[in-house]
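Comments concern the structure below.
The values are calculated or read from the model by the stated rules, or taken from the named source; none is laboratory data. Model, not experiment: these values are computed from the prediction. Positions of Cβ are backbone-derived with ideal geometry, glycine not excepted, and every protein chain shown enters the neighbour counts. What goes into the accessible areas is simple: the full protein's heavy atoms, side chains included, and nothing from ligands, DNA or RNA. Shrake-Rupley method; radii C 1.70, N 1.55, O 1.52, S 1.80 Å.
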Amino acid sequence: MMIVITGATGSIGRALVERLRGHDVLAVVRKPAGDLGCDHALADFDEPGTIGALLSPGDRLFLNSSLWPGFTDAHRAVIDLAARAGVAQVVAVSVRGATPGAKLGGGMHGGVDAHLRRSGLPWSILQPTGFMQNLPREVRNGRFYGSYGPGPVNYIDARDIAEVAAALLTRPVGPDADLVLTGPESRSHDQIAEEISAALGRPVRYVDLPVPEMAAHLERQGLPQPQAGDLAELMAATGDGRWASTTTTVEDLTGHPPRSLSAFLTDHKPAFAT
Ligand SMILES: NC(=O)c1ccc[n+]([C@@H]2O[C@H](COP(=O)([O-])OP(=O)(O)OC[C@H]3O[C@@H](n4cnc5c(N)ncnc54)[C@H](OP(=O)(O)O)[C@@H]3O)[C@@H](O)[C@H]2O)c1
């Protein structure tokens, strides 16, 4: 029985591989990844059969990749192949608020989640808030932009998602569950900017833009329409606090509270451009 990890080279996947040292792990990668330090096999969601061929009865599958237009069909196909192979459990990464038909990742994940729930496979669906790991690439020249307004928004450290997945994949398979994963506190983006400034020792300002201007800003950065407009709208919607409540799920499953933003910043200072 193997723990098969897709998305193994990503921010969650690498932390998960680390947590699972000592277990029988097979990392699924698109390019040779000797630096992972575990058995790995080449496969691609774009050819679901390449992942299906790696699965055996009793395996436990961590289902995760970044998003692309073929994401929903590909992940659904891999779920079908996992059911056919007799996989014992699927732990899938989704997003808080995922629902079929929603825009952007929420809709893509919603379509996969619905398929997994009716697959007959034992499942856990992880529904995290936004990742703290996004922040370093968003801060440029002492600023970062959004259309969240002044409301509280939650961020989680992706390492805590990995720890939850590791717990689920190494204990006896439990009941099917949707698990909303959050960081310990929700903050306005002005407060987040203050924390980043304090951690880096230089001023970082959050610039709030109306939705059309944020959409134009995202377009200038290379995001095409309609995704740029959809993302700006999603930021504004998130700013109403709809996903700001916190859960105890990380602590319940890992035995420790989720990492704080200040702990993340301490560990990731070099990732922020000067
Ligand atoms: N970022 C956020 O704020 C946020 C919030 C909530 C939920 N999520 C969800 O979290 C997931 C991303 O997690 P992450 O942070 O670990 O992503 P990540 O760091 O971007 O890593 C993505 C991983 O997916 C792999 N991958 C991408 N396309 C693939 C394909 N066609 N076949 C095989 N592997 C493929 C990548 O492999 P390569 O190394 O070969 O590229 C990489 O290992 C997404 O489902 C996203 O919707 C993200």
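Of LEU26, LEU20, all but one fail to be under 27 Å from PRO172 (Cα atoms), open to solvent by 10 Å² or more (accessible area, probe 1.4 Å) and in contact with a strand residue (DSSP E or B) (Cβ under 9 Å, 6 or more places away or on another chain); the exception is LEU26. Scanning the stretch 249-271 for residues that are polar (S, T, N, Q), out of contact with any Asp or Glu (no Cβ under 7 Å at 6 or more places or on another chain) and more than 18 Å from ALA162 (Cβ to Cβ) yields one hit, THR266. All of SER66, SER11 fail the test of being in contact (Cβ under 8 Å) with a residue 40 or more places away in the chain, under 21 Å from VAL164 (Cα atoms) and surrounded by fewer than 18 Cβ atoms within 10 Å (Cβ to Cβ), apart from SER66. Taking each residue of the stretch 149-176 that is at positive phi and looking for partners that are outside any helix (DSSP H, G or I) with beta-carbon atoms closer than 6 Å, six or more apart or interchain, yields GLY149/GLY239. Would you call ALA215 touching a Gly at 6+ places or on another chain (Cβ under 7 Å), hydrophobic (A, V, I, L, M, F, W, C) and crowded, with 16+ Cβ neighbours inside 10 Å? Here the answer is yes, as ALA215 does meet what is asked. When the stretch 29-63 is limited to residues that are acidic (Asp, Glu) and not in a loop (DSSP other than H, G, I, E, B), the one that is least open to solvent (accessible area, probe 1.4 Å) turns out to be ASP44. Taking the stretch 147-165 as the search range and keeping residues that are under 19 Å from ALA271 (Cβ atoms) and not in a helix (DSSP H, G or I), which one is farthest from the ligand (Cβ to nearest atom)? Among those residues, the one meeting the criterion is ASP157. Filtering the stretch 96-142 to residues that are assigned to a loop (DSSP other than H, G, I, E, B) and near the ligand (Cβ under 10 Å from one of its atoms) leaves ARG96, GLY97, ALA98, THR129.
For beta carbons closer than 7 Å, sequence separation of 6+ or different chains, a first residue in the stretch 75-95 that is part of a strand (DSSP E or B) and a second that is among the aromatic types (Phe, Trp, Tyr) and modelled with pLDDT of 95 or more, the qualifying pairs are VAL90/TRP123; VAL91/PHE62; ALA92/TRP123.
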